[in-house]
Amino acid sequence: AEAVRALSSTEEGVKLSALQTLKQLEAREHAGEVSGLLEDPDEWVRWAAISTLGTLEATDYAGAIAQRLRDEVPGVRGIAAAILGKMGAKEYADDVATLLNDQDPPVRVNAALALQQLGIDARKQELEARLVLQQQRDAQIERALRQLKDKDPAVREKAVQTLMGRQAESSAKEIARLLQDEDAPVRRIAVLALQDLRAREYAEDIKRLL
């Protein structure tokens, strides 16, 4: 109940934490409340809401997720395509296919993989996009790792979000150092990232902060 109430918070970090909790609990009965964050002004909250609905197998909200295929943020478009593929939402295959020409390589990869899950062959587009994606992903991770040490807490927070979004499991050790950061939002996003990356070796450190 506390996590559901937290979805109405005005703070991004609180909403992200609540979504993570509902995701871990597989609280399917609260999919409706989660769907309310699909149009949240914060891109990370929208991304997390889509991901959570996918984990909850909330196929009733496939139409609402499909609306995010036109989101202004590439990462949100990409996760929307991925989850529609996971849900087997064939009625939205044409909408997903429009992303094969997206300007963002990760989005094109997600669209191609989703279409394959929906029974449509898009392997050529996937392979072409994957090459560009890997190059971009490596560069983004390298830059984010450097930014974890930036003097600006907003930059450190954004760097953690990038590493979490890229599922950079190898960065867990560097992220864990931020559990002692002087800035509360940075510590909070570090906790969320380590939980999302399933870095169990830091479970005790996280418990001491919660």
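The values are calculated or read from the model by the stated rules, or taken from the named source; none is laboratory data. Computed from a predicted structure; not experimentally measured. FYI the Cβ positions are ideal-geometry reconstructions off the backbone, even for glycines, and counts take in every protein chain you see. The area values use the complete protein model at the heavy-atom level, side chains included, leaving out ligands, DNA and RNA. Shrake-Rupley method; radii C 1.70, N 1.55, O 1.52, S 1.80 Å.
About its Cα centre, the dipole of the chain is roughly 560 debye, where the only charges are +1 on Lys and Arg Cβ and -1 on Asp and Glu Cβ.
Using C-alpha pairs below 8 Å separated by at least 6 residues, the relative contact order for region 135-210 is 26 percent.
Karplus-derived 3J(HN,Hα) values for region 33-41, using 6.51 cos²θ - 1.76 cosθ + 1.60 with θ = phi - 60°, are 5, 5, 4, x, 9, 5, 10, 4, x Hz; glycine and proline are entered as x.
In this simple spin-label model, placing a label point 7 Å from the Cα along the Cα-to-Cβ direction at both Gln67 and Glu11 gives a separation of 2.8 nm.
Taking every protein chain into account, the accessible area of the chain amounts to 53 square angstrom per residue (probe 1.4 Å). Its relative contact order, with pairs defined as Cα atoms under 8 Å and 6+ residues apart, puts the chain at 12 percent.
Computed over protein heavy atoms with a 1.4 Å probe, the carbon and sulfur contribution to the accessible area of the chain reaches 46%. Placing unit charges on each Cβ (+1 for Lys and Arg, -1 for Asp and Glu) gives the chain a dipole about its Cα centre, and among Val109, Leu163, Ala80 the Cα reaching farthest toward its positive end belongs to Leu163.
With r as the distance between the Cβ atoms of Gln136 and Ser170 and R0 = 25 Å, compute the FRET efficiency 1/(1 + (r/R0)^6) and round to 0.05. Once rounded, the FRET efficiency stands at 0.90.
Using every Cα-Cα pair within region 49-194, state what percent have a distance larger than 21 Å. Walk me through the numbers on the way to the answer.
On the way: 5229 of 10585 pairs.
When every Cα pair of region 49-194 is considered, 49 percent fall beyond 21 Å.
Relative contact order of region 74-146, taken over Cα pairs closer than 8 Å and 6 or more residues apart, is 29 percent.
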